[in-house]
1. Enumerate the calculated ³J(HN,Hα) couplings along segment 57-73 in order (Karplus 6.51 cos²θ - 1.76 cosθ + 1.60, θ = phi - 60°), each rounded to whole Hz, writing x wherever the residue is Gly or Pro.
2. Applying 1/(1 + (r/R0)^6) with R0 = 25 Å to the Cβ-Cβ distance of residue 84 and residue 31, what FRET efficiency is obtained, to the nearest 0.05?
3. Compute the distance in nm between two label points, each set 7 Å from the Cα along the Cα-to-Cβ direction, one at residue 256 and one at residue 113.
4. Measuring from the lowest to the highest alpha carbon on each principal axis, how far does segment 65-143 reach, largest first, in angstroms?
5. Normalised by the empirical 2.2 N^0.38 Å for globular proteins, what value does the Cα Rg of segment 1-126 take?
6. Around residue 28, with a cut-off of 13 angstrom between Cβ atoms, what is the net charge of the other residues, counting Lys and Arg +1 and Asp and Glu -1?
7. Once you have a ≥ b ≥ c as the square roots of the Cα gyration tensor eigenvalues for segment 1-43, tell me rounded if a/c is under 1.5, and otherwise prolate or oblate according to whether a/b is larger than b/c.
8. Report, by chain and number, residues whose modeled amide H sits under 5 Å from the one on residue 127, excluding near sequence neighbours (fewer than 5 apart, same chain).
Amino acid sequence: MARKRIGELLVERGAITPEQLEAGLAAQRQTRQRLGVTLIGQGAITEATLAQALSEALGMPQVDLAAITPDWAAVHLLRARFCEQHDLFPYALENVGGKRQLVVAMADPLNITAIEEIEFTSGLKVSGRVTALSAVRGAILRYYHKVPVASGPRPAPARPPARAAPVPVRPAVVEDDEEVIVGEELPASEKTQRTSLADLIREREEQAKRKRGGAGDKPKARAPSSGGGGVLDDLDYLFGQAAREEPDRLEELERRFWALMRIMARKGLLTNEEFRRELDDDGGEG
């Protein structure tokens with residue numbers, strides 16, 4: 001994709017004048033909003049015109065989010081906060097040449113930074129679609145936050161429901177490194193090797209937390225043994241007395257360690273066998 005800016009493309013397409021672009025850029029420096037949002041707010045262009053101009057200039061299809069049924073498997077791959085920051089919404093998975101791609105509706109399809117981050121964290125190529133900003137924000141509210149907005153189709157459940165009521169989702173605190181879990185849970189048949197390993201890592205993290213809670217003061221720091229002394233012993237060895245005197249710091253280091261393990265699992269950089277052999281606190285059990 002050409003690394004052009006929205007303003008350049010709009011001027012080239014005759015959608016706005018150079019003077020309107022300059023006025024929009026000046027206002028953008030004050031508001032810190034995206035240029036497209038600023039131009040729409042100034043009345044220089046409509047959402048529909050903006051989407052049409054970007055679609056034609058980039059050769060990227062448009063999508064009407066109100067007319068499609070999102071796939072929960074796609075929605076689960078991105079966090080609500082990330083979608084809000086970049087004005088995008090993942091709504092489908094497709095196979096192209098035998099490889100899966102994540103289909104993402106974007107109000108700003110030239111946001112290369114967001115595309116690269118999605119591809120890095122999900123391990124999937126992004127297939128972009130142009131859509132109106134209000135449609136993206138409406139979809140985020142409807143499917144991530146469950147806020148009723150304009151009527152539209154419900155996303156297809158990941159499996160046929162056993163009863164009319166939706167499957168309840170256990171409330172959970174979502175940390176920065178966690179996936180957003182919304183709507184229907186994915187069935188076991190759709191869990192990939194990566195998500196299975198991520199589940200195992202979370203299980204080991206909970207075990208480590210319980211172990212830490214009942215361990216009390218630790219003896220003198222020692223080198224980690226080949227038998228698998230646990231992540232706390234390894235961190236205690238690495239950071240020594242300072243870590244024992246700063247339990248909050250040790251807890252933060254441990255949290256980041258487990259977050260890194262989950263990211264590596266989702267990226268396919270760590271296999272189940274490698275985790276069990278090298279990092280599993282239970283020494284390969286479970």
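Coordinate-derived values only; no laboratory data. Just so it is clear, the model here is predicted, and its values are computed rather than measured. In this analysis, Cβ positions are derived from the backbone assuming ideal geometry, glycine residues included, and neighbour counts consider all displayed protein chains.
1. Going residue by residue, I get 5, 9, x, 10, x, 8, 9, 9, 5, 6, 9, 10, 10, x, 8, 4, 4 Hz, with x marking Gly and Pro.
2. E between residue 84 and residue 31, to the nearest 0.05, is 0.90.
3. Each label point lies 7 Å from its Cα, and together they span 2.2 nm.
4. 33, 26, 20
5. Ratio of Cα Rg to 2.2 N^0.38 Å: 1.12.
6. Summing Lys and Arg as +1 and Asp and Glu as -1 gives +2.
7. It is oblate, given that a/c is not under 1.5 and a/b is not larger than b/c.
8. 102, 103, 104
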